[in-house]
1. Sort 620-631, 681-692 by the packing proxy (mean of other Cβ within 10 Å over each peptide's residues), most packed first.
2. Using the crude model of +1 on Lys and Arg Cβ and -1 on Asp and Glu Cβ, and no other charge, please compute the dipole size for the range 293-366 relative to its Cα centre, in debye to 20.
3. Given Cβ point charges of +1 (Lys, Arg) and -1 (Asp, Glu) and nothing else, what value in debye, to the nearest 20, does the dipole of the range 676-746 about its Cα centre take?
4. Which angle from 0 to 90°, rounded to the nearest 10, does the C-alpha axis of helix 333-350 make with the longest principal axis of the chain?
5. Per residue, how much accessible area does the chain have with a 1.4 Å probe, in Å²?
6. What FRET efficiency would be calculated for the residue pair Ala542, Ala101, taking the C-beta separation as r and a Förster radius of 56 Å, to the nearest 0.05?
7. Placing unit charges on C-beta atoms (Lys and Arg positive, Asp and Glu negative, everything else neutral), compute the dipole magnitude of the chain about its Cα centre in debye, rounded to 20.
8. Give the residue from Ser756, Leu734, Gly722 lying farthest towards the positive end of the charge dipole for the range 687-775; charges sit on Cβ (+1 for Lys and Arg, -1 for Asp and Glu) and the dipole is referred to the Cα centre.
Amino acid sequence: MNRRFLYVIPVIILLGFTSGCQKEKTSPNQSSQSHIWFDEPAGDWNEALPIGNGRMGAMIFGGVNQERLQLNEESVWCMKGTYQDRQGAAYLPRIRELLFAGKYGEAEQLASQKLMDERFPTGTRAYQTLGDLHIHYSDSSNYTNYRRSLQLDSALVRVQYTKGGTNFIREVFSSAVDDVIVFRETADEDGKINCQLYLSRPGEGEEILLAGDRIIMKQHIENGQGVRYETRLQVLAPGGSVEVGNNALNVKDANQMEIRIVAGTDYFGDDPEALCNTYESKGENKSYEKILADHLKEYKGYFDSVALDLGTSSLDSLPTDERLLLAGEGQDPGMAELYFNFGRYLLISSSRPGNMPANLQGIWNDRLSPPWNADYHININIQMNYWPAEITNLSECHLPFLHFIGDLRDNGRKTARDLYDCRGFTAHHTTDAWHFTTAFGRLIYGLWPMGAAWASTHIWEHYLFSGDRQFLEAYGYEVMREATLFLSDYLVENPHTGKLVTGPSNSPENRFSSPAGDTASISMGPAMDLQIVWHVFTGLIAASELLDRDHEFRATLEDQLDRLALVRIGSDGRIMEWSDESLVEVDPGHRHMSHLYGLYPSNQYNWTDTPEYMEAASKVLDHRLQHGGGHTGWSRAWMINFYARLKDGDQAYHHFQQLLAKSTLPNMFDNHPPFQIDGNFGGTAGIAEMLLQSHAGYVELLPALPTAWSTGIVKGLMARGGFQVEMEWENGILTSAKVLSKHGNQLKIKYGDETSSFETNPGQVLVLDHQLKIN
């Protein structure tokens, strides 16, 4: 494979408007909400601090006597075993016949035998750690004045302490400009840095070479069943010496110490040694100060595109772990600001143009066999990773996922043909670095051919926000079309109603009991499937009209939409998860709330057009919560977005507080449990969705503002149509707004009961008052 050339969306700078490359101070407390900090070293991995340049990352522990940097590179994957599609298409009519007849047990038995491949054990196809850098210091005496911080506005970890009257400072960052992780330690007295450094990796088989001021570690992981990697470390010790001894590098009497780490793999077909040569040459003649300056300029081009200020409180001065302990007890609006900044930081640090997409753990993983392989689950998790990308003005960070979707096509076409006798391409509940699309394992999670279809909606969303027609024409439309073609072929007429439904399919990871006493998971036309079909079809129809393509196929889709079965509202007023009300949920507090897909992330339901579904969605949430729903980190994050769309700001904020109190680790990573990064991204998207919405055909300001955020400022959020928004509010009331029209589209805008409409020109800035009148 070759690394692709990707489209990068340009940043627009206009006088009088805070743009992507300009950052204004928004509040006196800005610094406290852009630093995660602690007054002691990390006791374990969940207290360490992450850095990343999109491809290469590390977790910094900040130990005084023994420092550890746990290292990652995005393409370090093993692949023991290959999934194979079953030749199951011939059995599909019989499985459907049984499901339409209510014979769920028989249908499940046949589907398990004929459609599902065996599941490989965890760890056989997994994202793995690159290894660890260990630094052992000679002086083990006591220390004071300790502080360890992650500076979100500069993507840099800083550790400082005093020992023996000497002040020490460490700085660590991962540069995307120079493809290097840099560690520098300084002391305010000469000759005080004495330590031993070595690299290690769990498991066996790594080759480690030491010479001069360098360490090289390389391996073909899992005895050749995975990638080849190489890691290189170089130590610079001005005023001191670097010598090899005891399988380590020994630094003596240095005034300061600088460590540079590069790594590469053969995942994209490159030679790891050649890659490391290239990466080393980038910074070979650059000072630490120059590498840092270039890093800051590049990183801030992303991070500074948005600024949020939600006010101050007495809790701002506390270490982050102490603030988290108080999250559910009092008013700390700054924690939402800090969480929002951290979420954007994580996306920038784990997903850059030209990289692989962020996996279940972003790029941070310390194991050879991580939970769920740290792979790409596509029945909500990777989609949630990218919910904040467009609205928080990080559209470029969305691109790795959008290209990954297209990479599923080769395998997905075969899966569509072999399992379903359908054209187009499909993928099921999960995939990995090698883009498999097979249905495997148990029906409850594995027989769900909607993964590629859901993922493809992100391409249309990217266009709606960015207006990047070139991307849509040259790449995105064809991927959307193939995902839509699969669904078009996959639909079948329900013999009882004459309506079109999907199936066999599950409602992700959930089960029901039937009148016959069967406990089953697959059925015909589960609600989420129908909502995804609506979302995918309406998106492709709009794209087809925009590009003036596929007139006949568009007509077919419009006809199928007219015939598509409606999602039903049950006699108890709730949206039904399955199409037959006689099917009773086994787990009423289930973590997935799949039948609310039409509420979020889709735009199918809103208060203007479908108030009955909004009411029914609210009742679903009440019922789920009464039975323990929202108990995982990502599930709680989804709750925030649901209540934002319902325009219940205080409930949305309540679930944000619950996310902090129950599902956030000390370093602010999301806790499933264990760590999964999707909740961080879902929570970040939810904060933005409370402040700005644009899914219903207009831009709405402060649609779900909670009481706790009575006064604030936000700059740089994006709305569909290419509108960049700045707002200020006091005592819960909008005071002013600025809207930059990037593409000259018509602006329909709403705040409370006020609505306005404006024709705009590209680059025009509209300055509005609280009544949406031009100032």
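1. Values: 620-631: 17.7, 681-692: 27.6.
Per-residue Cβ counts within 10 Å, averaged per peptide and sorted highest first, yield 681-692, 620-631.
2. Dipole magnitude for the range 293-366 comes out near 380 debye.
3. Details: 4 positive and 6 negative charges, 49 e Å.
Using only the charged Cβ atoms, the result is roughly 240 debye.
4. Between helix and principal axis, roughly 90 degrees.
5. Details: 26660 Å² over 775 residues.
Ligands and nucleic acids excluded, the figure is 34 Å² per residue.
6. Details: r = 38 Å, r/R0 = 0.67.
So the FRET efficiency works out to roughly 0.90.
7. Values: 66 positive and 99 negative charges, 101 e Å.
In debye, rounded to 20, the chain gives about 480.
8. It is Gly722.
The values are calculated or read from the model by the stated rules, or taken from the named source; none is laboratory data. Because the structure is predicted, anything quoted here is derived from the model rather than measured. With ideal geometry, Cβ positions are generated from the backbone for all residues, glycine too; neighbour counts draw on all protein chains shown. Remember, those area values only see protein heavy atoms, side chains included, never the ligands or the DNA or RNA. Shrake-Rupley method; radii C 1.70, N 1.55, O 1.52, S 1.80 Å.
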